[in-house]
Amino acid sequence: MLSACNVSFAYAGSQAVVISDLSVQLPLGSMSFVWGDNGAGKSTFAQIMCGLIPHVVSGQFSGEVEYLGCQLLAPYKSGLATYLMQNPSLYFHAATLREELSLLENHRHALYDEAIDMLPHRKWNEPVRTLSLGEQKLVAVVLVLMHRCPIVVLDEPLAFLDGKASQFASHLLSTAANEDRIILAVDTPEHGLEMGSVGRYFLVADSHVVEAKPQIQPREQLITSGPTGTEFLKAEGIGFSYRGKEAFHLAGINLTVAEGESVGLTGHNGAGKSTLQLVLSGLLRPSNGHVYIKGVQQGICGLRKRVKCSFQNPDDQLFGNTIMEELVFGLRNLNLPSSQIHSRIKEVEHYLNCGLAEDPFILSYGQRKFLTLLSAYLLDPDVLILDEPTAGLDYSNRQKLYDLLLRFLKQGKSLIIISHDRSEIEMVCHRTYEMKDGMIVAESRNYWGGH
């Protein structure tokens, strides 16, 4: 039994109580799910239940957390708990995927062979950081579960995973719970309801944790008419391979995006979607092919001026000391006058649920994600590419994002959205390209959104 009794916590340097009067008991052989709004304290709850708070993360802590009647210490001291952070890249230690997987050989498990078959064999000798974020997340989930700690806490274990990988990760979690382990997973309500073996659901709201099963809000079709503009961006014969690699990560890519059109990119983890984003935005130079805007061939400098993007992982983009610094940095690089910079920020300030003077690195993952999306939007590019834009966002922030995207399209701008959520792609995109192994293998026009 893992139990918390009358636990309250506030982070060091802050008087705001994030978790208040937490009392909960989690039995062995159970899987529980945690949900709530961005910034509500879900990750704080998770870190309390694995011993990171207060033994690693400092602050004002009161109450007791015990496992089998004994005080739960820090994970690295007790060996009882393991914690998977939202950013999987922080979990890895070895240089290559093969070396990471070799750790599993010391923790043989009934699902060992099945797990190995799901991981990207063709990239075994490559650095883990070269894997897609979805591939990294699956590797991290496998490693965490194979260590066989009795307490396993995972923060957004299904984020960035394609359908097949998500089902497999859920299967692993269910199997681990059946082995008399305690599984506590934090994720979006949609992912929580996909996990078939969840016994209890916990909602974190207003610093309190209560038992409540999530309700999925119905989605409304956002795209109700086709784009009226002409072709704006065109990629023709795009190929790309990373330096020192013979195999192409992209091969023969052809796509178009019209003015006022939203186009979706979908495909399995490692299909090349994020690499294509980097090429189209001028951050990578294609090995073959060209990108055109309004029929004019563009080099990387031209693309960087007119195409902006937001990465999957918000921590790859944030560096300012305050939210205001994050928002104004790109605008200043455009040499805009101060009056125009502050006017743009004032226009979107109400979308944020935090102050402009706050440190972005103390925000929740979903809040940091929304901040990077807003920063890209403020640059007012001709083409905006968003990589998994709703991963980690709660319902409220998703609705804010959709509002921004509709405003963007109504200005005649072009939008490319990369996502594993096919229902969302169909909701917000006129057309969809499907990628596999670095190639576009299918194109579909969304029935209710096409022209």
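The values are calculated or read from the model by the stated rules, or taken from the named source; none is laboratory data. Quick caveat: nothing in here was measured; it's all calculated off a predicted structure. No Cβ is skipped: glycine too gets one built from the backbone with ideal geometry, and neighbour counts run over all protein chains shown. For the accessible areas, the whole protein counts, side chains as well, though only heavy atoms, and no ligand, DNA or RNA atoms are used. Shrake-Rupley method; radii C 1.70, N 1.55, O 1.52, S 1.80 Å.
Data for the structure
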quantity: Only one of ASP382, ASP403 that is open to solvent by 30 Å² or more (accessible area, probe 1.4 Å) and either farther than 28 Å from GLY239 by Cα or at pLDDT below 95 (or both); calculated: ASP403
quantity: For ARG285: the one exception among (1) in a loop (DSSP other than H, G, I, E, B); (2) in contact with a Pro (Cβ under 7 Å, 6 or more places away or on another chain); calculated: (2)
quantity: Selected residue (criterion: surrounded by the most Cβ atoms within 10 Å (Cβ to Cβ)) from residues of segment 212-239 that are among the β-branched types (Val, Ile, Thr) and within 30 Å of TYR292 (Cβ to Cβ); calculated: ILE238
quantity: Hits in segment 293-324 - residues which are over 22 Å from GLU388 (Cβ atoms) and either in contact with a Ser or Thr (Cβ under 9 Å, 6 or more places away or on another chain) or β-branched (Val, Ile, Thr) (or both); calculated: ILE293, LYS294, VAL296, ILE300, THR322
quantity: Residues within segment 285-320 that are within 22 Å of the chain's Cα centre (by Cα) and of a type outside the set (Ser, Thr, Tyr), tallied; calculated: 13
quantity: Residue match in segment 433-450 (condition: within 21 Å of GLY226 (Cα to Cα), acidic (Asp, Glu) and part of a loop (DSSP other than H, G, I, E, B)); calculated: no
quantity: Residue in segment 131-153 that is outside any helix (DSSP H, G or I), open to solvent by less than 10 Å² (accessible area, probe 1.4 Å) and small (Gly, Ala, Ser) present; calculated: no
quantity: Pair list, Cβ < 7 Å and 6+ apart or interchain, from segment 366-392 residues that are over 22 Å from ARG219 (Cβ atoms) and in a helix (DSSP H, G or I) to residues that are of a type in the set (Gly, Ala, Ser) and open to solvent by less than 10 Å² (accessible area, probe 1.4 Å); calculated: THR372/SER310; ALA376/SER310
quantity: Condition check for GLN312: under 30 Å from GLU220 (Cα atoms) and either assigned to a helix (DSSP H, G or I) or basic (Lys, Arg) (or both); calculated: no
quantity: Matching option when the condition is within 30 Å of LEU161 (Cα to Cα), open to solvent by 30 Å² or more (accessible area, probe 1.4 Å) and not acidic (Asp, Glu), among PRO337, PRO286; calculated: PRO286
quantity: Subset of segment 26-64 [over 25 Å from GLU190 (Cβ atoms), open to solvent by 20 Å² or more (accessible area, probe 1.4 Å) and not in a helix (DSSP H, G or I)]; calculated: PRO27, LEU28, GLY29, VAL56, VAL57, SER58, GLY59, GLN60, PHE61, SER62, GLY63, GLU64
